[in-house]
Amino acid sequence: MNLTRRSVSFFQPEITNIQLPLLVALDQKFAWWLCFVKYLTPFQTFGIIPPMGSIHLVVPQNEEPPALHERAMDNLQYIRETMERATAFTGISGWGQVAIGITALAAAFISAQQKFFKGWLAVWVAEAVIALLIAGWSMDRKARAAKMPLLSGPGRKVAFSLSPPIFAGGIVTLVLYRAGLTNAIPGLWLLLYGTGVVTGGMFSVSAVPIMGLCFMALGAAAFLAPAGFANWFMAAGFGGLHIVFGVIIARRYGG
Amino acid sequence: MQEVRATRAKHPAPGLDRLIHERMRLGIVSALAANEALTFNDLKSLMNTTDGNLSVHARKLEEGGYIACTKSFEGRLPKTEYKLTVAGRRALENYLSHMETIIHQMRNS
């Protein structure tokens, strides 16, 4: 009783005799208040610290041999990946590109003499095959020179990124030929070859994607130019750009 | 037991080449093994690292005689070029065979 009154007196410091019965009535009504004021039972459950967990080592002692084995595998994988990345980085052969550029100039010269579109097309298709052979041979030679006959990694990357636009180019060429829009073909080829070089050269030295962008720009320009300039655009793109960037790559990245 | 563990932590495997066991240095040596020469900036973008980090590790390899460094000027820009030395190539080959031995031992046991 005494305690109860004290708790209420917290709110009402001066208690007179007249007020006492009222306070008793209040006590009965707010008896639940005791729980909090005096015993604090509901809060205490929160305050209890749960028993501590068992102590164990973070690194189990007996797992060292498999970890060493795994680390060795991981290291080998890392060396392989780094070497592949480094080969893809400079795997593009500069002198190979120069050779492709020279054959393209020759092809532009021969194709300009053709009277019919079919002859013109045949010359450039032959040139594409020759360029592909030169590219494959020169990249392989460069990889071998670095004692890395790893055509699987870098070679595949280039092949995969270049072949879809070339495939698309072949199909659109047929469509345009049937529609009689042969004037658009040089621009289309330059544009699509450029996209392939940009995507394929993303992992390579910065000169390669820049060359791709130049091809794309030239392709766009070829669409706008009059049809008579078509061969000049082909010569400037497949001949000139290859030779210029080939020399840059060969000078900077050895071959 | 504590002592054994302590020494093992220092030498995870006896005879291991500590100089190229480190990730960054192993990467530099591997990248150079696949190329005749690489410039500082090429290596930096290949390893995807910072100037400071690369130069510290490259210097350690240079001090160990694994790579050779030539500094020149290209126009006005300084150009640092790294090449793998014969000792470096041999070290990488040893490291590779070491890793292979570890794997073989695990397969056999």
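Each value in this text was obtained by applying a stated rule to the coordinates, not by laboratory testing. Computed from a predicted structure; not experimentally measured. All Cβ positions, glycine included, derive from the backbone under ideal geometry; neighbour counts span all protein chains shown.
Quick one: which residues, 5+ away or cross-chain, put their amide H under 5 Å from the amide H of B:Ile67? H built at 1.01 Å from N.
B:Glu62, B:Thr85
Starting from the 7 Å offset along Cα-to-Cβ, what nm value, one decimal, do you get for the label separation of A:Ser163 and A:Ala106?
Between A:Ser163 and A:Ala106, the label points sit 2.7 nm apart.
Per residue of the range A:230-239, what does 6.51 cos²θ - 1.76 cosθ + 1.60 with θ = phi - 60° give for ³J(HN,Hα)? Whole Hz please, x for Gly and Pro, Karplus curve as stated.
Result, rounded to whole Hz: 3, 5, 5, 5, 4, 5, 5, x, 5, x.
Between rounded, prolate and oblate, where does the range A:149-245 land on the alpha carbon gyration tensor, with a ≥ b ≥ c its root eigenvalues, rounded for a/c under 1.5, else prolate if a/b exceeds b/c? Walk me through the intermediate numbers first.
Values: a/c = 2.76, a/b = 1.55, b/c = 1.79.
Oblate shape, in that a/c is at least 1.5 and b/c is the bigger or equal ratio.
When the distances between all Cα atoms of chain B are binned every 10 Å from zero, what whole-number percent does each bin get?
Per 10 Å bin, starting at zero, the Cα-Cα P(r) for chain B comes out as 13, 39, 28, 14, 5, 1, 0 percent.
Hey, fewest Cβ within 10 Å first, where do B:Thr101, B:Thr50 land in order?
Details: B:Thr101 13, B:Thr50 10.
Lowest count first: B:Thr50, B:Thr101.
Fewest first, what order do B:Met106, A:Met211 take by the number of other Cβ atoms within 10 Å? Working shown, then result.
Working: B:Met106 15, A:Met211 24.
Final ranking by Cβ density, sparse to dense: B:Met106, A:Met211.
Grab the eigenvalues of the alpha-carbon gyration tensor for the range A:68-135, scale each by 5, take roots, and send me the semi-axes largest first in whole angstrom. Mind showing how you got there, number by number?
On the way: eigenvalues 403, 27, 6 Å².
Equivalent-ellipsoid dimensions as semi-axes: 45, 12, 6 Å.
Determine, for B:Leu38, A:Leu192, A:Leu181, A:Leu176, the number of other Cβ atoms within 10 Å of each Cβ, and report the residues in order from fewest to most.
Least crowded to most crowded, the residues run A:Leu181, A:Leu176, A:Leu192, B:Leu38.
In whole Hz, what ³J(HN,Hα) sequence does the range A:116-124 give by Karplus (6.51, -1.76, 1.60; θ = phi - 60°), x for Gly and Pro?
Ordered by residue, 3J(HN,Hα) equals 10, 4, 4, x, 4, 4, 4, 4, 6 Hz.
Show me, bin by bin at 10 Å from 0, the whole-percent P(r) of the range A:214-255 based on Cα pairs.
Histogram of Cα-Cα distances, whole percents per bin: 28, 43, 20, 8.
Which whole-Hz ³J(HN,Hα) couplings does the range B:80-95 yield from phi under the Karplus relation 6.51 cos²θ - 1.76 cosθ + 1.60, θ = phi - 60°, glycine and proline marked x?
10, 10, 10, 9, 7, 7, 4, 4, x, 5, 5, 4, 5, 4, 4, 5
Taking chain B as a Gaussian network, Cα atoms linked when under 10 Å apart, which of B:Met24, B:Met47, B:Met99 shows the biggest mean-square fluctuation?
B:Met99
Taking H as built 1.01 Å from N, whose amide H comes closer than 5 Å to the amide H of B:Leu38, not counting residues under 5 places away?
B:Tyr82
Quote the FRET efficiency, to the nearest 0.05, computed for A:Asp74 versus A:Val125 with a Förster distance R0 of 41 Å and r equal to the Cβ-Cβ distance.
Rounded to the nearest 0.05, the efficiency is 0.30.
Taking K and R as +1 and D and E as -1, what net charge do the other residues with C-beta under 15 Å from the C-beta of B:Cys69 add up to? Display every interim value, and only then the final one.
On the way: positive: B:Arg25, B:Lys44, B:Arg59, B:Lys60, B:Lys71, B:Lys79, B:Lys83; negative: B:Glu36, B:Asp42, B:Asp51, B:Glu62, B:Glu63, B:Glu81.
My count for the surroundings of B:Cys69 gives +1.
Enumerate the amide H contacts of B:Lys79 below 5 Å, restricted to partners 5 or more residues apart or on another chain; note that Pro and chain-start residues carry no placed amide H.
B:Ser72, B:Phe73, B:Glu74
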